[in-house]
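To start, the structure itself, in structure tokens.
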Amino acid sequence: GAGVSQSPSNKVTEKGKDVELRCDPISGHTALYWYRQSLGQGLEFLIYFQGNSAPDKSGLPSDRFSAERTGGSVSTLTIQRTQQEDSAVYLCASSLIAGKYNEQFFGPGTRLTVL
Amino acid sequence: DQQVKQNSPSLSVQEGRISILNCDYTNSMFDYFLWYKKYPAEGPTFLISISSIKDKNEDGRFTVFLNKSAKHLSLHIVPSQPGDSAVYFCAASAKTSYDKVIFGPGTSLSVIP
């Protein structure tokens, strides 16, 4: 497909389990971003990648959250020992390169529900 | 501490009229501002942006105004159409890290036919 894709679209898990969310950016886009949107809140920046490296991890809420990107393409966001407050929509975006004027294209998101 | 604020969670406007969505920010380092539009079950899509060297940017029916002294920006949609009904996010970034885009909580716009 031509756009950013994310999988799964919905994930229901039990508290304490680990989850892995996947993002496929637009082909050729070197920058990739993860955000989350909790109910009634705006988008919260989590992390971004330029290529395979993550210059800014400051938005990750705790050490239970980690992300990696391999081959400059697919990225996975892993949440270990999930808590109920992790329930949110996790959005991924990509842009041609990082920087000021580069429009970010968003995927449809993964809705995570932690019971 | 919310650096980008959208104090109106929702707004209803009659079709054909002007929609004005407001946004305030607190971080004086922000110098690039964006508006995104989001339909249900879809990711946000970029709408329009403005750099702090300008006070107005126009693209078709959409105009963004920036008042740096007041740390305020607004998005004007005229004329409003039913297809404009969506959640609108104001966002900002600073030259120290343009990739760390800070989003507001969004305003849900309903355009009534």
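Table for the structure above
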read-out: Residues that are within 16 Å of B:Ser80 (Cα to Cα) and assigned to a loop (DSSP other than H, G, I, E, B), drawn from region B:40-55; value: none
read-out: Residue in region B:57-80 that is out of contact with any Pro (no Cβ under 6 Å at 6 or more places or on another chain), in contact (Cβ under 8 Å) with a residue 60 or more places away in the chain and of a type outside the set (A, V, I, L, M) present; value: yes
read-out: Residue that is nearest to the chain's Cα centre (by Cα) [pool: residues in region B:27-46 that are within 14 Å of chain A (Cβ to nearest Cβ), touching a residue at least 40 places away in the same chain (Cβ under 8 Å) and more than 15 Å from B:Ser108 (Cα to Cα)]; value: B:Leu34
read-out: Counted residues, region B:47-88 - those being of a type in the set (Ser, Thr, Tyr), within 14 Å of chain A (Cβ to nearest Cβ) and farther than 24 Å from A:Gly3 by Cα; value: 2
read-out: Some residue of region B:7-16 being touching a helix residue (DSSP H, G or I) at 6+ places or on another chain (Cβ under 9 Å) and either surrounded by fewer than 21 Cβ atoms within 10 Å (Cβ to Cβ) or farther than 19 Å from A:Glu44 by Cβ (or both); value: yes
read-out: Qualifying positions in region B:60-100 - more than 22 Å from B:Gln14 (Cβ to Cβ), basic (Lys, Arg) and assigned to a loop (DSSP other than H, G, I, E, B); value: B:Lys68, B:Lys71, B:Lys95
read-out: Condition broken by A:Ile47, with the remaining ones in (1) more than 16 Å from A:Phe106 (Cα to Cα); (2) within 11 Å of chain B (Cβ to nearest Cβ) satisfied; value: (1)
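Quick note: the coordinates plus some simple rules give every number you see, no bench work behind them. Here the structure is a predicted model, which is why all the values come from computation and not from measurement. Quick reminder, even Gly has a Cβ in these numbers, built from the backbone with ideal geometry, and neighbours come from all protein chains shown.
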